[in-house]
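Everything below concerns the one structure shown next.
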Amino acid sequence: MTKRHVSKRIEGLDFARAVAMFGMLVVNFGVITGADGNGPTWLIWVQSLFQGRASAIFVILAGIGISLMTAKARTTESQILIKQNNRNLRKRSLFLFVLGMILYAVGWSGDILHYYGVYMLIASFFFVSSNKTIILLTSVVLVTAQTFQIIFNYMAGWDPEQFLLTYLDFWTVEGFLRNLFFNGYHPVLPWVGFFFIGLILGRLDLTNDTVRKKLLIAGFSITVLTEIMSEILMNVTTKSVLDADSAWFLFETGPIPPNVFYIVSNTATALIVIVGSIYITERFAENGLIRAMIHTGQLTLTHYVSHVFIGIGILIVLNRLEHQTIAFSLLFSCLFFVGSMLFSVLWRRKYNRGPIEIIMRKVTK
């Protein structure tokens, strides 16, 4: 396994963040406007491409970023650097957790930031661990999550009349912990597995063409095999062993529930997007559109917050929060993303980091 310890920023990772940001806008605005399933088949298919995948890419990229940020401490085994990185990670985790809870408190129940904060807190204990240890931890996380999904009621806490929209007891201790670790939008079990996978990927030399080709081949191969296996198992088991709902619950590659097939398939998809993004930025590094995407990826925390306050705010003013079409939600997502790109380009002319990124850096310094 090739290791990496260089300071040069890999702009392809920023491009991949921008791609994931766009995907998240498509998914979130589709839910917010009540547009899911309301449109022609081909648009439903387009929207479904981003379901669960954009967020997974984000989390894996976060793991890669932490791995790169802590590379010197890991390779030198300096206790001073390890302690500094531990402190910084835990401060950032607290900042993200609090910011996410603020977003949730103002009505954004689809928040991912408070989950991020917990992923990062957990990662702060393992960023210097060996690859074998992290792989073992990831395996334990996946098996535990799948077991819990089978043993416990995955619907617990959700309003049966508004499943995946309203969590009834989120603000109780039991409900909060259940949502956080078991059946929220991005529960720690198994989503922290994506973060662990990112930690390992960040240790690879992503500037090495041989490494990237292997990752790309693995991504395509695993995606195809997983999707085929998923279909076969759902078809075979429903004929003699399971009912359709149980087979879907265990073998579907969608995000609800996040079973082992979902984690494997979406990790493979993330590999394709991330490696593809690196190739694109290297090939078209000076292209204006590519530069705009890179700048947008560097401000994703700001854009995530803005899509809640500004994006949803605009939809409220337009009275477009219910019974909209997929065509409208996709158009709105594209326009909002273009606006985010324009802001990113203008902002980066003067500042190296986005507004929320600057605040996080100052608070956690």
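When restricted to residues that are within 18 Å of residue 259 (Cβ to Cβ), small (Gly, Ala, Ser) and either exposed (fewer than 12 other Cβ atoms within 10 Å of the Cβ) or touching a Leu at 6+ places or on another chain (Cβ under 8 Å) (or both), segment 148-187 contains 0.
Here is a yes/no grid of residues against (1) crowded, with 22+ Cβ neighbours inside 10 Å; (2) touching a Cys at 6+ places or on another chain (Cβ under 8 Å); (3) on the phi > 0 side of the Ramachandran plot; (4) aliphatic (A, V, I, L, M):
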{"position": "56", "(1), (2), (3), (4)": "yes, no, no, yes"}
{"position": "64", "(1), (2), (3), (4)": "yes, no, no, yes"}
{"position": "81", "(1), (2), (3), (4)": "no, no, no, yes"}
{"position": "85", "(1), (2), (3), (4)": "no, no, no, no"}
{"position": "124", "(1), (2), (3), (4)": "no, no, no, no"}
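When the helices (runs of 4 or more DSSP H) confined to segment 10-111 are screened for residues that are more than 18 Å from residue 365 (Cα to Cα) and more than 14 Å from the chain's Cα centre (by Cα), those reaching at least 3 such residues are found at 11-32, 41-48, 71-76, 79-105.
Among the residues of segment 100-120, those identified as hydrophobic (A, V, I, L, M, F, W, C) and buried (at least 21 other Cβ atoms within 10 Å of the Cβ) are 112, 113, 118, 120.
Mind telling me which of the residues 264, 273 ends up being closer than 17 Å to residue 58 by Cα, open to solvent by 40 Å² or more (accessible area, probe 1.4 Å) and touching a residue at least 24 places away in the same chain (Cβ under 8 Å)?
Step by step, each of 264, 273 is checked, and only 264 is closer than 17 Å to residue 58 by Cα, open to solvent by 40 Å² or more (accessible area, probe 1.4 Å) and touching a residue at least 24 places away in the same chain (Cβ under 8 Å).
Which of the residues that make up segment 246-259 are closer than 18 Å to residue 148 by Cβ and in a helix (DSSP H, G or I)? Answer for segment 246-259, where residues must be closer than 18 Å to residue 148 by Cβ and in a helix (DSSP H, G or I): 246, 248, 249, 250, 251.
Check 345, 308, 363 and return the single one that is in a helix (DSSP H, G or I) and under 17 Å from residue 20 (Cα atoms).
Working: 345 fails: under 17 Å from residue 20 (Cα atoms); 363 fails: under 17 Å from residue 20 (Cα atoms).
Step by step, each of 345, 308, 363 is checked, and only 308 is in a helix (DSSP H, G or I) and under 17 Å from residue 20 (Cα atoms).
Any chance segment 206-223 includes a residue that's within 21 Å of residue 120 (Cα to Cα) and not in a helix (DSSP H, G or I)? Within segment 206-223, not a single residue is within 21 Å of residue 120 (Cα to Cα) and not in a helix (DSSP H, G or I). Given the condition open to solvent by 20 Å² or more (accessible area, probe 1.4 Å) and within 26 Å of residue 13 (Cβ to Cβ), answer yes or no: does some residue in segment 234-246 qualify? Checked against the condition, which is being open to solvent by 20 Å² or more (accessible area, probe 1.4 Å) and within 26 Å of residue 13 (Cβ to Cβ), segment 234-246 yields no hits at all.
Could you figure out which of (1) within 15 Å of residue 17 (Cβ to Cβ); (2) of a type in the set (A, V, I, L, M, F, W, C); (3) out of contact with any helix residue (DSSP H, G or I) (no Cβ under 6 Å at 6 or more places or on another chain) isn't true of residue 337? All conditions pass for residue 337, except number (3). Among the numbered criteria (1) buried (at least 20 other Cβ atoms within 10 Å of the Cβ); (2) farther than 22 Å from residue 338 by Cα, which one does residue 293 miss? (2) is the only condition that residue 293 fails. Of all the criteria given as (1) open to solvent by less than 60 Å² (accessible area, probe 1.4 Å); (2) farther than 30 Å from residue 224 by Cβ, the one not satisfied by residue 335 is (1). In this structure, does residue 222 turn out to be open to solvent by 20 Å² or more (accessible area, probe 1.4 Å) and either within 21 Å of the chain's Cα centre (by Cα) or modelled with pLDDT under 95 (or both)? Yes, satisfied.
The values are calculated or read from the model by the stated rules, or taken from the named source; none is laboratory data. Just so it is clear, the model here is predicted, and its values are computed rather than measured. For neighbour counting, all protein chains shown are included, and Cβ atoms are generated from backbone atoms with ideal geometry for every residue, glycine included. The protein model used for the area step is the full one, side chains on, heavy atoms only, and it has no ligands, DNA or RNA in it. Shrake-Rupley method; radii C 1.70, N 1.55, O 1.52, S 1.80 Å.
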